[in-house]
1. Order these peptides, 249-260, 184-195, 33-44, 213-224, by their mean beta-carbon neighbour count within 10 angstrom, highest first.
2. Relative to the first principal axis of the alpha-carbon coordinates of the chain, what is the inclination of helix 186-202, with its axis defined by its Cα atoms, in degrees from 0 to 90 and to the nearest 10?
3. Treating only the Cβ of Lys, Arg, Asp and Glu as charged (+1, +1, -1, -1), what charge dipole size does the range 150-240 show about its Cα centre? Round to the nearest 20 debye.
4. Charges only on Cβ, +1 for Lys and Arg, -1 for Asp and Glu: so what's the dipole of the chain about the Cα centre, in debye to the nearest 20?
5. Quote the convex hull volume per residue of the range 110-193, based on C-alpha atoms, as a whole number of Å³.
6. Per 0.36 nm of contour for each residue apart, how much would the distance between Q362 and D197 grow if the chain were fully extended, relative to their Cα-Cα spacing?
7. If ligands, DNA and RNA are left out, what is the accessible area of D292 with a 1.4 Å probe, given in Å² to the nearest 10?
8. Looking at G33, S127, G285, which one has the Cα that reaches farthest to the positive end of the dipole of the chain (charges on Cβ: Lys, Arg +1; Asp, Glu -1)?
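The values are calculated or read from the model by the stated rules, or taken from the named source; none is laboratory data. Here the structure is a predicted model, which means the values were calculated and not measured. As a convention, Cβ positions derive from the backbone with ideal geometry for all residues, glycine included, and neighbour counts pool all protein chains shown. Accessible surface areas use protein heavy atoms only, side chains included; no ligands, DNA or RNA. Shrake-Rupley method; radii C 1.70, N 1.55, O 1.52, S 1.80 Å.
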Amino acid sequence: MSLNTFGRLFRVTTWGESHGVAIGATIDGCPPGIEITAGMLQRWLDKRKPGQNKYTTQRRELDEVEILSGVFDGKTTGTPIQLMIKNTDQRSKDYTDIIEKFRPGHADITYWQKYGIRDYRGGGRSSARETAARVAAGGLAREVIQALAPSVQITGFMCQMGPNKINRKNMNFDEISNNPFWTPDANAAKDWAKYLDNLRKSGSSVGAVIEIIAQGVPAGIGAPIYGKLDTDLAAAMMSINAVKGVEIGDGMAVAELTGEANADEISMGTNGPEYSSNHAGGILGGISTGQDLVVRFAVKPTSSILTKRKTVTKAGKDSEIVTKGRHDPCVGIRAVPVGEAMMACVILDHLLLHRGQVGENQGKIG
């Protein structure tokens, strides 16, 4: 039984461990004839790779992706595509103190309880290192989307660090790549730098909220009941390491609204239906409306911290633990490109499903 694969037609299987020889992804269902090179995927991995500034883990990985199969003369062949990223800066000795202990807040204890064996070196499959393979697969998905639906643009950013939220009046997408936090609020970036510096120096960590927006998604993708676009988006984001909550559109805030306030009123525009608002996050009945897809997810604080915490040993003895090594004080920073990648994979999967079942949209308005 394989539970390392997601997607229906565009299927991605990730493999490898944090401190193993390599990690990677096997992609099946990619249409043939799509131009692709390792460099086209590398630009997305460069966004995620560690050690780029003092606010992320100082593990120095080049994260260079290699395409081993499924591409010939610079184009996809329609056969399985194998992507590999070698691990080059493992420091497994940092984890020798936790061989017999479980880190609070980490998957160490549940992996042991389920399998009776665990890779204690950086967490193995439960490590955020696995997400590099997702980013590579997402880079490929973006290129296919550009061929099938070139209007689609996917943008991710951090909208909250700990209790500190951005001021949405200050949002400027051009600012996202100008600061180490991938935030569209320049003022928030300055405040977060001071806040995270203090946490980093104390050996602690903090959570974050990431928002992913997909613009230009055509109306009609997604399917009723069990094939809902928002169901698959929620599952994809929740599958990311350390994610503990997902919202579509206004999310939990809709519980505070009346029917009048929540309704995204519709009027006829020059190019078709237009909506007065987007509380639904661009999805109704599991099917895209043509508005922006809006997804947010909450990432918990990094479990590996220098503060002494109570735990137990495999022998069932009470103990204490301090986790050494190189860890992100806010793992949400590097979760931005991961969220973008998962959005791309889900959108492409649903574009292919829609093309296979419906082809062109059937219902015309106006």
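1. 213-224, 184-195, 33-44, 249-260
2. 20 degrees
3. Using only the charged Cβ atoms, the result is roughly 280 debye.
4. 1700 debye
5. Each residue corresponds to 163 Å³ of Cα convex hull volume.
6. Net length gain for the segment: 54.0 nm.
7. Answer for D292: close to 60 Å² accessible.
8. S127
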